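The block underneath contains the structure these notes are about, expressed in structure tokens.
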Amino acid sequence: MTADASAYVKACALGDLEEDTPKRVELGGVPVAVVRTEGEVFAVHDICSHANVSLSEGEVEDCRIECWLHGSSFDLRTGKPSGLPATRPIPVFPVKIEGDGPGAAVLVSVTQES
Ligand code: FES
């Protein structure tokens, strides 16, 4: 299936993202954690797959976001948990950057999982 360009919506500006500091946004009613790390921007579902906890309140390290409650961490590229107690992956959403510099738009599509 080809990506529908109109499915991408602006989450924030690139300059709004601090390295390794997740930013929570709501896109079409979907809570999303946007993370800038290791020279890339990732977007994942902001709720842990183990319980109703906001992942954007956790820490980012080695391209993973950690759930602060019980310590499972999720790969920002695949959504897969590192280990228990979470066993299910979280959705990962495709990201596009439009423009240049800090004012560039970070676009996320929550209608498709990458
Ligand atoms: S709520 Fe996230 S690991 Fe338990």
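None of the figures in this text is laboratory data; all of them are computed from the coordinates on show. Here the structure is a predicted model, which is why all the values come from computation and not from measurement. Neighbour counts run over all protein chains shown; Cβ positions are idealised from the backbone, glycine included.
Going by Cα centres, the range 14-39 and the range 42-107 are how many Å apart?
So the two Cα centres are separated by 9 Å.
Hey, which lysines would be in cross-link range of residue 96, C-alpha to C-alpha under 20 Å, not counting anything within fewer than 8 residues on its own chain?
Residue 96 reaches 10, 23.
Loop-only trypsin sites (Lys or Arg not before Pro) in the range 37-100, please: DSSP not H, G, I, E or B, and at most 14 other Cβ atoms within 10 Å.
Sites meeting the loop and neighbour criteria: 77.
Using a cut-off of 14 Å between beta-carbons, work out the net charge of the residues near residue 104 (Lys and Arg +1, Asp and Glu -1, residue 104 not included).
Here the charged neighbours net out to -1.
Can you list the residues, at least 5 places off or on another chain, whose amide H is less than 5 Å from the amide H of residue 9, using H built in the peptide plane?
108, 109, 110
When you take every Cα atom in the range 25-74, what is the radius of gyration, and what is Dmax, the widest Cα pair distance, in Å?
Rg and Dmax of the range 25-74, Cα atoms, are 10.5, 30 Å.
Using unit Cβ charges (K, R positive; D, E negative) and no other charged atoms, how large, in debye to the nearest 20, is the dipole of the chain about its Cα centre?
It works out to roughly 400 debye.
For residue 59, which sequence-distant residues (separation of 5 or more, or a different chain) have an amide H within less than 5 Å of its own amide H, given hydrogens modelled in the peptide plane?
Long-range HN contacts for residue 59: 66.
Given the options 86, 99, 15, identify the residue whose Cα lies farthest towards the positive end of the charge dipole of the chain (+1 on Cβ of Lys, Arg; -1 on Cβ of Asp, Glu).
Most positive-ward Cα: 86.
One quarter of the convex hull surface, Cα atoms only: what value does that give for the chain in nm²?
Hull-based average projected area comes out at 6.7 nm².
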